[in-house]
Amino acid sequence: MHEVDKVIADRLASGVPLVGQISQYIIAAGGKRLRPALLLMVSGALGCLDVQRFNLAAVVEFIHTATLLHDDVVDASTLRRGRATANETFGNPASVLVGDFLYSRAFQMMVDAGQMRIMQILADATNIIAEGEVMQLMNMHDASLDEAGYLLVIRSKTAKLFEASARLAAVLAASDAATEEACATYGQALGTAFQIIDDVLDYDGDATEMGKNLGDDLREGKATLPLIAAMQRGSATEAETVRSAIEKGSAEQLESIVAIVRRTGALEVARDAAANEARRAMAALEQLPENGYRAGLLQLAAQLLERRT
């Protein structure tokens, strides 16, 4: 990760001061760096020492950071990772344009790998992520969204970059098709579990620990799995309370909604769904060589279910 940080610092350089300032602002905010770490760990599991792994790990982090900048503008978010979002600090136009810079810089960097297959994976992933963002926008304030529709969005919007990160490592390692698909499956399942738990924490987390405002999903009118399960399992009155909050995009009744989500067992439903994805990820790892990196990937999938931030 130190090598990745060096690449990130080097490639954030721009002759336009505001570009570097905003890029550094959001990168320096920290975050879990799960996607680049995933690429490096899968590379290690496959015995790949290609120096391009550091460049591609930085690429996926740039793509992820660009999506955060654009997400926060679309969602009118004010807090991320415990401090003001870039759009709150620098304004929406600057955030959108610097997000565009990070996307285009990522595409410059992926050319360095010199493999059309790598460019195809990242181009496809970026396109699917954008489609996921649009799907989520279309689903705002739609209380009729079911679990299948919810999963389609998060597998496009969130899990796709996890999937691409793991697949890129397999391509760099010149793995066979079965191993590449196993790595991709691991990444997709891990990313899906990650997002489900993230949605659980919006109703079962601590704002200080998480570094964002609780109830943001509700304010944005997002029908996430905890709310979908609560409407399915609650009484007619409880379902109507949740439905109304989604349609209005209001967190005024957040305490009541949280109580309904907990009382109906909706959090357990969502956590079970995440656990199923984690098990799917672990099963995919059976295709990989048995070594310390594979053990780390197994541990990552298991610990994901215990995350609080």
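The values are calculated or read from the model by the stated rules, or taken from the named source; none is laboratory data. These figures come from a predicted structure and were not determined experimentally. Here the Cβ is made from the backbone with ideal geometry for all residues, glycine too, and neighbour counts use every protein chain on show. Keep in mind that these areas ignore ligands, DNA and RNA; they rest on the heavy atoms of the full protein, side chains included. Shrake-Rupley method; radii C 1.70, N 1.55, O 1.52, S 1.80 Å.
Some values worked out for this structure:
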quantity: Lysine pairs within the chain, Cα separation less than 18 Å, 8 or more sequence positions apart or different chains; calculated: 7
quantity: Debye equation applied to the C-alpha atoms of the chain, log10 I(q)/I(0) at 0.14 Å⁻¹; calculated: -1.07
quantity: Under 14 Å, Cβ to Cβ, from S175 - net charge with Lys/Arg +1 and Asp/Glu -1; calculated: 0
quantity: Rounded if a/c under 1.5, otherwise prolate or oblate - the stretch 203-273, Cα gyration tensor axes; calculated: oblate
quantity: For the stretch 91-181, size of Cβ-based charge dipole, Lys and Arg +1, Asp and Glu -1, in debye; calculated: 280
quantity: Rounded if a/c under 1.5, otherwise prolate or oblate - the stretch 107-194, Cα gyration tensor axes; calculated: oblate
quantity: More than 24 angstrom apart: percent of Cα pairs within the stretch 45-191; calculated: 38
quantity: Environment charge at R105 (Cβ cut-off 12 Å; Lys +1, Arg +1, Asp -1, Glu -1); calculated: -3
quantity: Extreme residue, positive dipole direction of the stretch 178-309, given options G187, G221, A302 (C-beta unit charges); calculated: A302
quantity: Qualifying GluC sites (Glu not before Pro) for the stretch 201-294 [loop in DSSP, other Cβ within 10 Å: at most 15]; calculated: E252, E290
quantity: Amide H within-cut-off set for L79, under 5 Å, with H built and near neighbours excluded; calculated: T85, N213
quantity: Cα centre as origin, Lys/Arg/Asp/Glu Cβ charges: the chain dipole, Debye; calculated: 520
quantity: Whole-percent carbon and sulfur share, accessible surface of the chain, 1.4 Å; calculated: 52
quantity: Exposure of L151 as accessible area (Å², to 10), given a probe of 1.4 Å and all protein chains; calculated: 30
